[in-house]
């Protein structure tokens, strides 16, 4: 089987169900961002040791992103025929991991500059791609509704990637580079 089909030479691509859409369709843009995010997670995993305690969870996130991409590639009118589903506990599992990591991180009152270890820098890059994916998903959602769980998962995933980058710096014994204090946020809370 050849890897090229030549069917996309006209600027279209196939989606689940057999339809063809322009390559810059909002559905394809959203899936492209999710695919890019998944690749960044693969690089993070490659930078961690094989026995790192995060490996299994990051691998799960990659598998769930594949299911999410399948759901995004499927128009809502056909989604009930797509066998892929997101795990019902996915968002709450992300939240539990975020909470556990946040409890271990110290000095959380600063905006930080992305960088540090290769894995921390890559996690920050993955976080920014997750935010772009989320924006693209909301654009698509206004045109063709997406599952609420998918939108929640990607929103929570960017938060998780942020705290993973912070935890990676802390477990590496490095100090994050600070930009500014969150002081203005605290000031608004008391007003």
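The values are calculated or read from the model by the stated rules, or taken from the named source; none is laboratory data. The shown structure was predicted, so the numbers you read here are calculated from the model rather than taken from an experiment. Cβ sites come from the backbone with ideal geometry, for glycine too, and all protein chains shown count toward neighbours.
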Residue 57 surrounded by 13 or more Cβ atoms within 10 Å (Cβ to Cβ), in contact with a helix residue (DSSP H, G or I) (Cβ under 8 Å, 6 or more places away or on another chain) and within 30 Å of residue 163 (Cβ to Cβ): yes
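Yes/no matrix, rows are residues, columns are (1) under 16 Å from the mean Cα position of the chain (by Cα); (2) more than 21 Å from residue 163 (Cβ to Cβ):
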| site | (1), (2) |
| --- | --- |
| 46 | no, no |
| 64 | yes, no |
| 79 | no, yes |
| 82 | no, yes |
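Within segment 90-109, take every residue that is loosely packed, with under 14 Cβ neighbours inside 10 Å and closer than 16 Å to residue 120 by Cβ and give me the one that is modelled with the highest pLDDT.
First, the residues of segment 90-109 that are loosely packed, with under 14 Cβ neighbours inside 10 Å: 92, 96, 99-100, 103-104, 106-109.
Applying the additional criterion that residues be closer than 16 Å to residue 120 by Cβ yields 104, 106-108.
Working: 104: 87, 106: 76, 107: 65, 108: 65.
By that ranking, first place goes to 104.
How many residues does segment 75-87 contain that are closer than 10 Å to residue 19 by Cβ and assigned to a loop (DSSP other than H, G, I, E, B)? Can you show your working first?
Taking segment 75-87 as the starting set, the residues that turn out to be closer than 10 Å to residue 19 by Cβ are 75, 78.
If we keep only those that are assigned to a loop (DSSP other than H, G, I, E, B) as well, we get 75.
Final tally of qualifying residues: 1.
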Looking at segment 118-138, is at least one residue touching a helix residue (DSSP H, G or I) at 6+ places or on another chain (Cβ under 9 Å), at pLDDT below 95 and not in a helix (DSSP H, G or I)? no
Counting only residues that are under 16 Å from residue 71 (Cβ atoms) and either part of a helix (DSSP H, G or I) or at pLDDT 95 or above (or both), how many does segment 1-58 have? 12
Checked segment 141-168 for anything closer than 16 Å to residue 129 by Cβ and either within 10 Å of the chain's Cα centre (by Cα) or not in a helix (DSSP H, G or I) (or both); matches are 153, 154, 155, 156, 157, 158, 159, 160, 161
Subset of segment 20-47 (residues that are exposed (fewer than 15 other Cβ atoms within 10 Å of the Cβ) and within 18 Å of residue 76 (Cβ to Cβ)): 20
